[in-house]
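Heads up: the structure comes next, in structure tokens.
FYI, it's all coordinate maths here, none of it is from the lab. Not measured: the values here are computed from a predicted model. As a convention, Cβ positions derive from the backbone with ideal geometry for all residues, glycine included, and neighbour counts pool all protein chains shown.
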Amino acid sequence: MFRDPMQILLSVPAILLAIVLHELAHAVVAEKMGDPTPRSMGRITLNPLAHMDVLGLVAFLLIGFGWAKPVRINPNNFRNPKLGDILTSVAGPVTNFLIALVTILIEAFIYNILPGIYNVLPGLIPVFEMIAYLNIAFGFLNLLPIPPLDGYHILKDLIGERYSHYFRMYERFSIIAFFVAIFFILPPVFRFAHTLFNQILHFFV
């Protein structure tokens, strides 16, 4: 279950980018939609310390799954509470997918135009690959409809008024869904992310 030291080393820049920009995206969009809460709590920043949970970071490094400090928002401050909450939730995973795409495009550019760089700095390849792969996985994982992930907030905003009773029941047993996800959903998500990364990279290279 624990990862080897090389995997841990390679995953550090990927995890930093994934966490910091994911949470920053939530904070920026929330502010744009009218909620000053993230700024008042110091979350409109690229400082990793503002976004990281120590235990979550250690879990990320050791087992490949962890958590960050959630960005606190007050939907009542949004000009349109439902739309604001949906866009704020979507912003994080979309940012992870954009990080992955930009990283793949940079890697493809170097492969095609400046291949000599890889001979000088061979360590770039695994770093780029880890950044892209983990951000794809992180984006999809956050779209799972499990509290408190972004996917759950999106689903609840879309249909929650109609099925509020069922959502309240689900939240009471969300810890079960969380552990089911860790053991049965995470592995195929990571495999899918790796396959998708390779397919997109091969499309450009």
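3J(HN,Hα) along region 102-114, derived from phi through the Karplus expression 6.51 cos²θ - 1.76 cosθ + 1.60 where θ = phi - 60°, amounts to 4, 4, 5, 5, 5, 4, 5, 4, 5, 4, 7, 9, 10 Hz, with x in place of Gly and Pro. Of the chymotrypsin sites (Phe, Trp or Tyr not before Pro) found in region 40-78, those that fall in a DSSP loop while having at most 16 other beta-carbon atoms within 10 Å are PHE65, TRP67. Of all aspartates and glutamates in the structure, those lying under 17 Å Cα to Cα from LYS32, and not within fewer than 8 positions of it along the same chain, are GLU23, ASP85.
With one equal scatterer per alpha carbon and no solvent term, the Debye-computed log10 I(q)/I(0) for the chain at 0.14 1/Å reads -0.88. Taking 19 Å as the straight-line reach from the Cα of LYS156, the lysines in range (excluding those fewer than 8 positions away in the same chain) are LYS82. Considering helices alone, the calculated mean residue ellipticity of the chain at 222 nm is -23000 deg cm²/dmol, with DSSP H runs of length four and up weighted by -39500 (n - 2.57) and normalised per residue.
Qualifying chymotrypsin sites (Phe, Trp or Tyr not before Pro) in region 114-157, where qualification requires a DSSP coil assignment and no more than 13 other C-beta atoms within 10 Å, are lacking entirely.
Scaled against 2.2 N^0.38 Å for its residue count N, the alpha carbon radius of gyration of region 124-173 is 1.59.
How big is the gap, in Å, between the Cα center of region 139-186 and the Cα center of region 23-46? When both Cα centres are located, 23 Å separates them. According to the calculation over all Cα-Cα pairs in region 45-123, the P(r) per 5 Å bin from zero is 3, 11, 11, 15, 17, 14, 13, 7, 4, 3, 1 %. Annotation: peptides 153-166, 92-105, 171-184, ranked by per-residue average of other Cβ atoms within 10 Å with the highest first, follow the order 92-105, 153-166, 171-184. Taking the inverse of the mean 1/r over every pair of distinct Cα atoms in region 76-175 gives a Kirkwood hydrodynamic radius of 15.9 Å.
Summarising the amide proton neighbourhood of MET52: residues at separation of 5 or more, or on other chains, whose placed amide H is nearer than 5 Å comprise LYS69.
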